[in-house]
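The structure appears right after this line, and notes come after that.
The values are calculated or read from the model by the stated rules, or taken from the named source; none is laboratory data. Small disclaimer: the values here were computed from a predicted structure and weren't measured. All Cβ positions, glycine included, derive from the backbone under ideal geometry; neighbour counts span all protein chains shown.
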Amino acid sequence: MIRKLESYFDRLWPINRSITGNGNRQTLKILSEIIDLKVDEILSGTKCFDWVIPDEWNVKEAWIKNSSGKIIVDFKDNNLHLLGYSVPFHGFMPLSKLEKHLFSMPDQPDVIPYLTSYYDKNWGFCLPHNQLQSLAKGHYEVLIDAELNPKGSMSIGEAILKGETDREILFSTYICHPSLANNELSGPLATAFIYSMLKKQKKRRYTYRFVFLPESIGSIYYLSVYGDYFKEKLVAGYIVNCLGTSRKYTYKKSRRGNTLTDRAAELMLKELEENYLIEDFSPTGSDEKHYCSPGFNLPVGSLMTDKYATYEEYHTSADNKSFISFEALEKSINRYLEIIYILKNNYTYRNLMPYGEPQLGKRHLFPSIGSQKNKDGFFVALKWVLNYSDGTNDLIQIAHRSGISYSLLVNAATQLLVSGLLEIVE
Amino acid sequence: MIRKLESYFDRLWPINRSITGNGNRQTLKILSEIIDLKVDEILSGTKCFDWVIPDEWNVKEAWIKNSSGKIIVDFKDNNLHLLGYSVPFHGFMPLSKLEKHLFSMPDQPDVIPYLTSYYDKNWGFCLPHNQLQSLAKGHYEVLIDAELNPKGSMSIGEAILKGETDREILFSTYICHPSLANNELSGPLATAFIYSMLKKQKKRRYTYRFVFLPESIGSIYYLSVYGDYFKEKLVAGYIVNCLGTSRKYTYKKSRRGNTLTDRAAELMLKELEENYLIEDFSPTGSDEKHYCSPGFNLPVGSLMTDKYATYEEYHTSADNKSFISFEALEKSINRYLEIIYILKNNYTYRNLMPYGEPQLGKRHLFPSIGSQKNKDGFFVALKWVLNYSDGTNDLIQIAHRSGISYSLLVNAATQLLVSGLLEIVE
Amino acid sequence: MIRKLESYFDRLWPINRSITGNGNRQTLKILSEIIDLKVDEILSGTKCFDWVIPDEWNVKEAWIKNSSGKIIVDFKDNNLHLLGYSVPFHGFMPLSKLEKHLFSMPDQPDVIPYLTSYYDKNWGFCLPHNQLQSLAKGHYEVLIDAELNPKGSMSIGEAILKGETDREILFSTYICHPSLANNELSGPLATAFIYSMLKKQKKRRYTYRFVFLPESIGSIYYLSVYGDYFKEKLVAGYIVNCLGTSRKYTYKKSRRGNTLTDRAAELMLKELEENYLIEDFSPTGSDEKHYCSPGFNLPVGSLMTDKYATYEEYHTSADNKSFISFEALEKSINRYLEIIYILKNNYTYRNLMPYGEPQLGKRHLFPSIGSQKNKDGFFVALKWVLNYSDGTNDLIQIAHRSGISYSLLVNAATQLLVSGLLEIVE
């Protein structure tokens, strides 16, 4: 998987993505090789809650030339050089005037910052602070050959793997970041590969939904269509982003906390990771703030390696291929698959012989030579599942409480179900 | 304020206060220069719950003369020399007999203890243990020219600052301690000055009530009149006492715990103090034990510097002017004003656009150049207020949860209210 | 008591106990000298829930002879040598065949393990691993002169001390362990002596029930008869086992947690022990797993010194007289008596003068010379009982919350009840 991840990364990296535009279409088309995406186009001007889908933005060319006619900043070199959603512009001006349109980070003087101006008409260029400092006085020529088309549209991708019920597990990722690696090519790549793994499964308890959207405006639009449906059907949901590095995981809980979403992620981390961080929900960050807005309050959390806004490279040209590792990205995909394993095997059972412990020996579930010195894990798992299956505790709770490995509890519960000692509580 | 505090302290210090008597009237009269007090006289013999207002006690003169006729213990020197509520007495007796009426503290041999015998007829003198030890054998003359008048009364002072509603914030302090500084001239002084600061405010959301009572019998009487009213109207209440030293604050919670009273005080401490102690309610201590008796269970807590009964100088002649500091007392007044700021600005809001985050940019509440690197506090505060304003969380809760400064949240909420994004939940 | 404990221990030690058989009858008969036991015989073949009372097992003789005719393993030497519930057998066989019926512990090569095969017909001998290793090749003669009688019965003992009400406190112990000291001669001995102490009390608030059963099958049978009754009547119950050593106590909570059973045991430990462990319920262990099975979920916990399955000597011949101490056993009995003291004195009261603090002075409950410096424990206890007696807090809660000694609170509550300031809430 690692080689495939890298190869897709390399193809997607140079494309200029934003909240609208051909770069997003091209991105979704490439991802369609991995995941069966249905792409929708939402027309510019469409209203959704408090928002309006903006004009579609496409850029042909954008540069700054110095007085010698030499291109010194070129969108071709790095998508980040152009302020996102810059309006078309052509003109000559002295440095003093140009400077108002130049953005840099004095405290990280070697990198290009990632900036946008989606909802305020403006134009600008982003560049390393050192380069900005070295610009000679004199006149500059600026060209931004871009278009903001009110007849355009916003592209979103969606794929669904039907399960035995219409209760859903959601993976939502965003595609609006140009030439940024951890945040956020890692997210769309991971989402597509999670899909490809789940597609191989023949039986699916839940329906899985995968959505590829521009951040904020995309999820707000999507919620305007599916928000009420999710309130009824969503079992668990995750914002898939920031998964490309090998540092310890951060899991950010859903706003409600203690949802199935959270409990599954926490159990996975407890079982598989030594160091990790579990954070309460906060309404800053990515699309979880919309999914978890008070009107929806959906069970949506997020697992991350280097969490957005916590690392220096974040939203700069330093968040690039060399910052991430494809081994780490593959591991993150597997961590999400483990969460899915936990979710799909999680049931609340009811013990059908709840008066005293049932006789396990006659069902060949118990070692025939008895002694409590026998601490056989499976046997202990049987006892925990039987005792706590009173119709109120699910397997995740029993795993947290007992400290017994979840897969052993799943096996125990399955055997007890087959033996007629348990029934599933809906 | 510091000079005024000291000047009032100096005038109030020598007055002999008790649970009744002219000293209390004089004290209330002096405090009336700062606070618009209405003084009520409750007749001796008045019943209130399990108690009866006692006879009024006034002392003209009280001393012990030795066999040479020299006054060796004199009430004029220190009010504490006379056992509170001593009955009138004049007589000659040998040391062996006198000693039954002399009180001292062997473990603090240099100080006069503060003792009373309100409900058991007795007389006595308090003196340093070293002095007691040095008394020569022989005869002594004792005079207590005092009166216990069954036609007297108990004086209580009350001031009210009307607010927009009759929902109340209560400050209750006690005036029965003679010549004791931290506990308890600091309390009446602080209460009077809090009043004088609040009086300057033109609009008051809540009605403020300030009461000056003798401890226990005073608050029990007051509750017999206002207890049921408080059950309905009291938003928050504080026993104002022990505020004169510069050691770390102790906040003692109301019996219910987690009342608005408690949450406001805790937030103030969290924001302004580094070291402090938060204690659960206990039914020992001062008037909070009556306000929080199970029949009333009012939201009454107490903020203190050196909490009663925890410091060596407590209830002795060493709790005097040199033990306290007027800078510390001023600071304590300001800490209470901060609690009032928190209370009066605390609202529970409802987000009127709860589906996804509203678009802050078009309301000029969002920086136009977007990047999550922008960690502008106000912007983050807006997001927290919007997300958690679902009609169940007040600003104090949002402050505790977010770690954002309360005043920033107040500003954010105010702007969002003006923008029509919030409404107040009653 | 220590000498009596030792003398009964010595008499009970050699008897072969199991889940049925004459050894159990003999054990109950000896214990009847201390406790007024009613012995019931439950016929083999009786059904109880998922289980059936097994055939009665009795052993006359059991040994292994080597090829020289010398007895090398003899049931007469130690009951543990014979696999519990071994079927009758006589035969000659080579070591290679015999070995399938020999059990030892390679990691504890000097001790005989305790093993049984109650529900799977088998025979075998248990011996130290070192002895097993040293067995010469050649033929062996094996004799197990035992009987498994389908017309037999299972013996259980029961004693009841009637109280003023039929609400019950249960002590359940098990008698199926042959020649094992901490687990489990300590349990039946402690139970019998607890009875003998309680019998001396003239008035008993609660009814006490003491049951002596074989583990698992015994308690399951007993629950099939009394389970529903216990659901209605059981105030608190304890599995009395593993009480013979002087290591720190472990208290294992009932499944519900925070039951009166648990709170009384925890308070006893808090007041009397410095180091102890409080464990959440787990469905492994002894009879608590049946009493706390989800169908009953009774308030049954367990106080232990060396908890089963946590010490090396557990279920081996090393859990013998030299492993335990009769001083420790006596102390454990006293610890249980303390729990009973807590239970029987625990009431929820209602303060009949809940408005402000009542005047304690006029009831002579208050020192006449007043000062808060007076920290007299009894006086403070009165205040706590009065304030928290609002009909929802029992004395155990007040003890936990106040940190005041339980017996002082009991005294305070008694005086307040006598003074007419409290009433008992049923």
Quick check on region C:338-352. Is at least one of its residues at pLDDT 95 or above, within 29 Å of C:LEU80 (Cβ to Cβ) and either surrounded by fewer than 18 Cβ atoms within 10 Å (Cβ to Cβ) or assigned by TED's automatic domain parsing to the domain that holds C:ALA265 (or both)? no
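Would you list the strands (runs of 3 or more DSSP E) that sit entirely within region C:9-74 and hold 1 or more residues that are touching a Ser or Thr at 6+ places or on another chain (Cβ under 8 Å)? Please lay out each step first, then the result.
Values: elements: C:38-43, C:56-65, C:71-74.
Of the strands (runs of 3 or more DSSP E) lying wholly inside region C:9-74, those with at least 1 residues that are touching a Ser or Thr at 6+ places or on another chain (Cβ under 8 Å) span C:38-43, C:56-65.
Filter region C:153-183 for residues that are in a loop (DSSP other than H, G, I, E, B) and more than 18 Å from C:TYR291 (Cβ to Cβ) and give the result. Let's see the steps before the verdict.
Taking region C:153-183 first, the residues in a loop (DSSP other than H, G, I, E, B) are C:162-167, C:175-180.
Hits for region C:153-183 are C:LYS162, C:GLY163, C:GLU164, C:THR165, C:ASP166, C:HIS177, C:PRO178, C:SER179, C:LEU180.
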Filter result (away from chain B (no Cβ under 14 Å), in contact with a Pro (Cβ under 9 Å, 6 or more places away or on another chain) and either within 26 Å of A:LYS4 (Cα to Cα) or not small (Gly, Ala, Ser) (or both)) within region A:29-58: A:LEU31, A:ASP55, A:GLU56
Go through region A:216-228 and report how many residues are closer than 14 Å to A:SER172 by Cβ and either at the interface with chain B (Cβ under 10 Å from one of its Cβ atoms) or aromatic (Phe, Trp, Tyr) (or both). 9
Odd one out for C:VAL240 among (1) surrounded by 22 or more Cβ atoms within 10 Å (Cβ to Cβ); (2) of a type in the set (A, V, I, L, M, F, W, C); (3) within 14 Å of chain A (Cβ to nearest Cβ): (3)
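If you check C:ASP287 against the conditions, is it away from every other protein chain (no Cβ under 11 Å) and surrounded by 17 or more Cβ atoms within 10 Å (Cβ to Cβ)? Break it down into steps so the answer makes sense when it comes.
Values: away from every other protein chain (no Cβ under 11 Å): no; surrounded by 17 or more Cβ atoms within 10 Å (Cβ to Cβ): yes.
Spelling it out, it is not the case that C:ASP287 is away from every other protein chain (no Cβ under 11 Å) and surrounded by 17 or more Cβ atoms within 10 Å (Cβ to Cβ).
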Since B:THR261 meets every condition but one in (1) surrounded by 21 or more Cβ atoms within 10 Å (Cβ to Cβ); (2) β-branched (Val, Ile, Thr); (3) out of contact with any strand residue (DSSP E or B) (no Cβ under 7 Å at 6 or more places or on another chain), which condition does it not meet? (3)
Output for region C:97-126, where each listed residue is within 28 Å of the chain's Cα centre (by Cα) and aliphatic (A, V, I, L, M): C:MET105, C:VAL111, C:ILE112, C:LEU115
Specify which of the listed residues (B:LYS29, B:LYS47) is more than 27 Å from B:ASP145 (Cα to Cα) and without any contact (Cβ under 8 Å) to a residue 40 or more places away in the chain. B:LYS47
Name the single residue that is surrounded by the most Cβ atoms within 10 Å (Cβ to Cβ) among those in region B:290-302 being among the hydrophobic types (A, V, I, L, M, F, W, C) and within 9 Å of chain C (Cβ to nearest Cβ). B:CYS292
Does B:SER186 satisfy the criteria of being in a helix (DSSP H, G or I), at pLDDT 95 or above, more than 29 Å from B:ILE72 (Cβ to Cβ) and touching a Cys at 6+ places or on another chain (Cβ under 7 Å)? yes
Could you please find all residues in region B:408-423 being exposed (fewer than 15 other Cβ atoms within 10 Å of the Cβ) and closer than 20 Å to B:ILE340 by Cβ? B:THR414
Please identify the pairs in which a residue from region C:5-22 that is on the phi > 0 side of the Ramachandran plot and modelled with pLDDT of 95 or more has its Cβ atom under 6 Å from the Cβ atom of a residue that is among the aliphatic types (A, V, I, L, M) and not in a helix (DSSP H, G or I), counting only partners at least 6 apart or on another chain. none
Can you find a residue in region A:233-245 that is of a type in the set (Lys, Arg), at pLDDT 95 or above and in the same structural domain as A:ILE19 (by TED's automatic domain parsing)? yes
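Residues checked against (1) in contact (Cβ under 8 Å) with a residue 12 or more places away in the chain; (2) under 19 Å from A:ILE339 (Cα atoms); (3) in the same structural domain as A:SER117 (by TED's automatic domain parsing):
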site: A:HIS177; (1), (2), (3): yes, no, no
site: A:THR191; (1), (2), (3): yes, yes, no
site: A:LEU198; (1), (2), (3): yes, yes, no
site: A:ASP228; (1), (2), (3): no, no, no
site: A:LYS270; (1), (2), (3): yes, yes, no
Give just the number: which of (1) over 11 Å from the mean Cα position of the chain (by Cα); (2) crowded, with 24+ Cβ neighbours inside 10 Å does C:PHE230 not satisfy? (2)
Please tell me if B:LYS97 is assigned to a loop (DSSP other than H, G, I, E, B) and charged (D, E, K, R). no
Those residues of region A:341-358 which are touching a strand residue (DSSP E or B) at 6+ places or on another chain (Cβ under 9 Å) and over 18 Å from C:LEU298 (Cβ atoms) amount to A:LEU343, A:LYS344, A:ASN346, A:TYR347, A:THR348, A:TYR349, A:ARG350, A:LEU352
Going through B:TYR114, B:TYR140 one at a time, which residue ends up being surrounded by 20 or more Cβ atoms within 10 Å (Cβ to Cβ), more than 20 Å from B:GLY23 (Cα to Cα) and touching a strand residue (DSSP E or B) at 6+ places or on another chain (Cβ under 9 Å)? B:TYR140
Of everything in region A:100-133 that's aliphatic (A, V, I, L, M), more than 24 Å from A:GLY218 (Cβ to Cβ) and assigned to a loop (DSSP other than H, G, I, E, B), which residue is nearest to the other protein chains (Cβ to nearest Cβ)? A:MET105
Taking region B:165-192 and the residues there that are surrounded by fewer than 24 Cβ atoms within 10 Å (Cβ to Cβ) and in contact with a Leu (Cβ under 7 Å, 6 or more places away or on another chain), the one that is nearest to B:GLY21 (Cα to Cα) would be B:SER179
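One line per residue, one yes/no per condition, for (1) surrounded by fewer than 17 Cβ atoms within 10 Å (Cβ to Cβ); (2) more than 30 Å from C:MET197 (Cβ to Cβ):
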site: C:ARG3; (1), (2): yes, no
site: C:TYR8; (1), (2): no, no
site: C:ILE15; (1), (2): no, no
site: C:SER18; (1), (2): no, no
site: C:ASN24; (1), (2): no, no
site: C:LYS29; (1), (2): yes, no
site: C:ILE34; (1), (2): no, no
site: C:TRP51; (1), (2): no, yes
site: C:GLU56; (1), (2): no, yes
Looking at A:HIS90 and the list (1) in contact with a strand residue (DSSP E or B) (Cβ under 7 Å, 6 or more places away or on another chain); (2) crowded, with 18+ Cβ neighbours inside 10 Å, which single condition is not satisfied? (2)
Looking at (1) within 12 Å of chain B (Cβ to nearest Cβ); (2) surrounded by 23 or more Cβ atoms within 10 Å (Cβ to Cβ); (3) closer than 30 Å to A:SER104 by Cβ; (4) modelled with pLDDT of 95 or more, which is the only condition A:SER282 fails? (2)
